[in-house]
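Report on one structure; see the data block that follows.
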Amino acid sequence: MYNILISAASGAVLSLLLLAVKLPWWAALLVGLVTFTAVFVGVSRVIMKKVMASIETAGKDLQAQPPRFEKAVRELKEALQYGKWQVYVEGQVNSQIGMIYYMKRDFSNAFPYLEKSFFKNWAAMGMLAICYMKRQKKDKMISTFDKAVQWNVKEPLLWGLYAYCLNECGDVSKAKEVLGKGLKKLPGDATLADNLACLEQGKKMKMRNYGDMWFQFHLESLGALQKHQMAAMGGRMQRRMVARR
């Protein structure tokens, strides 16, 4: 990454110059390390400011009515140029692009970006795991979910999503095991406990309690999604009418 190289070069050059003027080696090394840190932090802030500006602009495009999906994707693709400068930037931007395509149900375009997702973006990792499930790659699905929960242990929907996909693959025992692990990390989570009880009773898992966050994964039928959207729209209209009164 350019940032690391520039920072290291700056620290090394300054250390050598100080050694040349007979400064003790330990003092020259200390100054070099301080220089490395200062340059690294400074460049990181500049790069992340540019990346966040692109993400914020893309977010405004997605919130527009109607959403400007393609414009948002173009804005984010331009931000990929900073991936060579800063660690994890490329993964973070790819996560955002992949999620936009996925939520549009453009799964073929979403997949290559989701494959390069940042491992701490649990929603993008969940979408990638679902793509593997739909491609009949259960082992890849499991390894992706395992990596996601390792870095996002406090996300209840992620644990539920993992179990749901395992159940869909016919591995009920593994699904119950995952829910049990989730409850150890999130003791007292009512939805996880309820879904574990459902599986133990041979019933379907209840994922709609998660609301919009659940529906973004497109594991429900289009009919169910449309009903949910209509219900949400009706609720918003009702709240507006009450507010006007």
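Numbers at a glance
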{"quantity": "Carbon and sulfur %, accessible surface of segment 69-209 computed with the full protein complex present, 1.4 Å", "calculated": "48"}
{"quantity": "Per residue, in Å², the accessible surface of the chain once ligands and nucleic acids are set aside, probe 1.4 Å", "calculated": "58"}
{"quantity": "Relative contact order for the chain, counting Cα pairs under 8 Å that sit 6 or more residues apart, in percent", "calculated": "10"}
{"quantity": "Chain lengthening between residue 44 and residue 19 when straightened (0.36 nm per residue, less Cα-Cα)", "calculated": "6.2 nm"}
{"quantity": "Under Karplus coefficients 6.51, -1.76 and 1.60, residue-wise ³J(HN,Hα) of segment 31-38 in Hz, glycine/proline x", "calculated": "5, x, 5, 5, 5, 4, 5, 5"}
{"quantity": "Helix axis angle, 122-134 relative to the chain longest principal axis, alpha carbon, degrees", "calculated": "60"}
{"quantity": "Stretch gain in nm, segment residue 221-residue 74, where the contour uses 0.36 nm per residue and the Cα spacing is subtracted", "calculated": "50.0 nm"}
{"quantity": "Under 11 Å, Cβ to Cβ, from residue 149 - net charge with Lys/Arg +1 and Asp/Glu -1", "calculated": "+2"}
{"quantity": "The chain: most fluctuating residue of 11, 59, 91 per GNM, C-alpha cutoff 10 Å", "calculated": "11"}
{"quantity": "Acute angle (nearest 10 degrees) that the helix 89-103 long axis makes with the longest principal axis of the chain, alpha-carbon atoms", "calculated": "20"}
{"quantity": "Degrees between helix 2-20 axis and first principal axis of the chain (Cα, 0 to 90, nearest 10)", "calculated": "20"}
{"quantity": "Spacing of the two label points (7 Å from each Cα toward its C-beta) at residue 186 and residue 137, in nm", "calculated": "2.7"}
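The values are calculated or read from the model by the stated rules, or taken from the named source; none is laboratory data. All figures in this text were calculated on a predicted structure; none of them were measured in a lab. Quick reminder, even Gly has a Cβ in these numbers, built from the backbone with ideal geometry, and neighbours come from all protein chains shown. We work out accessible area using only protein heavy atoms, side chains counted, and drop any ligands, DNA or RNA first. Shrake-Rupley method; radii C 1.70, N 1.55, O 1.52, S 1.80 Å.
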